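Here's the structure we're looking at; comments come further down.
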Amino acid sequence: MHRLIERDTELEQYQSALKPVINGAPPKNLFSYGQTGVGKTLSLRMVVERLIEDQQNIDGVDVQVIELNCKSLNSSYQVAANLINQFRPATEQIKPTGYPSGMIYNMLFDELEALDATHCLIVLDEIDAIGNDDDILYKLPRANDNENVEDTLVGVIGISNDFTFRDNLSARVKDSLADEEIHFPPYDANELGNILKQRAGEAFHDTSAQRLDDGSYELQSDILAGDVIPLCAAFAAQDSGSARQALKRLYKAGDLARDKESDVITEAHVRQADEIVERDKVRDELTRLPTQSKLTLYSLLLLEREDETPSKRNRIYERYVMAAKRIDADVRTDRTIHDRLSQLTLKGFLDVDEQNKGPKGGSYYEYEFSIRADLAQEVLQEDERLAELFATDETSTTLDSF
Ligand SMILES: Nc1ncnc2c1ncn2[C@@H]1O[C@H](COP(=O)(O)OP(=O)(O)OP(=O)(O)O)[C@@H](O)[C@H]1O
Ligand SMILES: [Mg+2]
């Protein structure tokens, strides 16, 4: 496991919330949140590791931790079924569907009750995947209070990078899960610089990082030009404050230098790496958009090809309706598509301009791509449902000649 630095405050919060467990007290339920790549998962692992170590010297306390990544699980039921299977041996696994929901919770409670431990901490990472179906986040934290489980003290730690999910948790879930909330803010350029230096010391040859008394790091390197780390840190800080994105830039710059058989990694490699990483990130985000948003982008793409951008909302909507019909998707109202356009703008895919037509003419919005249109096209074309739109495009001349 990589070493965690720059997260002392959050580690302390975790530790003070979990420490009472060592003295036999019931664990607190925690909810930690923050944007992607800001060390939520790594911090949790670190705290768990320490907790497991600490309890080994203490009689009468036996803490078990189970960690479940919920990324591909889209309901409370699936989370419960996966937890049950983590407790069970390979020969007694349950199927992921088919039980009444009351029964699945009872099976989970039985597993917890039968556990040969005084405490069980259940870490649900990327829990936002379950969406509105958050029943388990009420049931599990309350398992002891509601006397569903009596012999094992149960604590839940939920982790999420989706702020909407946090804000939309039902009141009863907020009340039972979030005994304490731990917020992970984005890293600033200085913090990212230290994380990068520490990691560069491990990753590159002829490079070593030394921790100074004030907690910052000093780097000695024959292969990293002096401005490489500050530049990676600055790009990532501007972008999202994500350590993952910062590290990607550094490693990519290293790959580029190697490909070019350069002995040193330079600022030019970092600039090129930044473009590639940024492009990959946008591509990734585009790929994960729902079909309706992709159809909205497709409509704008058509207008772009006709040199009709920036475009008004009603023109985009016209194209949208045609495209949606062609692939048999639900045709949503213009209001909904206007909302999609705003969301796509917020996510940084589109630019919007408000046009004023004088005091009587009112105002209207015009949209255009803020990312490269060919990148949008590439991603949309790869989508199973939208691919058809592009296929008919290409064959349209052949069809016409019939
Ligand atoms: N404070 C840190 N010190 C060292 N490495 C870090 C730190 N924070 C993050 N990293 C590194 O950055 C990457 C992302 O961190 P992590 O997986 O913990 O993020 P996360 O907040 O869980 O993101 P997500 O919401 O996407 O799951 C990992 O490679 C991790 O090792
Ligand atoms: Mg994570």
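What to note about this one:
- Only helices (runs of 4 or more DSSP H) whose full extent lies in segment 252-330 are considered here, and the ones with at least 1 residues that are surrounded by fewer than 13 Cβ atoms within 10 Å (Cβ to Cβ) and acidic (Asp, Glu) are 267-287.
- Taking first residues from segment 159-174 that are assigned by TED's automatic domain parsing to the domain that holds GLY131 and partners that are in a loop (DSSP other than H, G, I, E, B) and within 16 Å of ligand 2 (Cβ to nearest atom), the Cβ contacts under 6 Å between residues at least 6 apart in sequence or on separate chains come to ASN161/GLN35; ASN161/THR36.
- Within segment 81-92, the set of residues being assigned to a helix (DSSP H, G or I) and over 14 Å from LEU68 (Cβ atoms) comprises ALA90, THR91, GLU92.
- Looking only at segment 57-76, and only at residues there that are of a type in the set (Ser, Thr, Tyr) and surrounded by fewer than 21 Cβ atoms within 10 Å (Cβ to Cβ), the one that is nearest to ASP151 (Cα to Cα): SER75
- Scanning segment 338-354 for residues that are farther than 19 Å from ILE371 by Cβ and touching a helix residue (DSSP H, G or I) at 6+ places or on another chain (Cβ under 9 Å) yields a single hit, HIS338.
- Within segment 12-42, being assigned to a loop (DSSP other than H, G, I, E, B), within 16 Å of ligand 2 (Cβ to nearest atom) and of a type outside the set (A, V, I, L, M) holds for GLN35, THR36, GLY37, GLY39.
- The set of residues from segment 195-218 being within 15 Å of ligand 1 (Cβ to nearest atom), assigned to a strand (DSSP E or B) and not aromatic (Phe, Trp, Tyr) comprises ALA209, ARG211.
- Boolean, ARG7 is within 22 Å of the chain's Cα centre (by Cα), away from ligand 2 (no atom under 16 Å from the Cβ), under 20 Å from ASP125 (Cα atoms) and charged (D, E, K, R): no
- Residue in segment 45-55 that is touching a Cys at 6+ places or on another chain (Cβ under 9 Å), more than 16 Å from ligand 2 (Cβ to nearest atom) and either modelled with pLDDT of 95 or more or assigned to a helix (DSSP H, G or I) (or both) present: no
- Within segment 331-361, being surrounded by fewer than 14 Cβ atoms within 10 Å (Cβ to Cβ) and among the hydrophobic types (A, V, I, L, M, F, W, C) holds for one residue alone: LEU346.
- Matching option when the condition is of a type in the set (A, V, I, L, M, F, W, C), in contact with a helix residue (DSSP H, G or I) (Cβ under 6 Å, 6 or more places away or on another chain) and more than 12 Å from ligand 1 (Cβ to nearest atom), among ALA246, ALA253, ALA178: ALA253
The values are calculated or read from the model by the stated rules, or taken from the named source; none is laboratory data. In this text the structure is predicted, and so the values were computed from the model without any measurement. All Cβ positions, glycine included, derive from the backbone under ideal geometry; neighbour counts span all protein chains shown.
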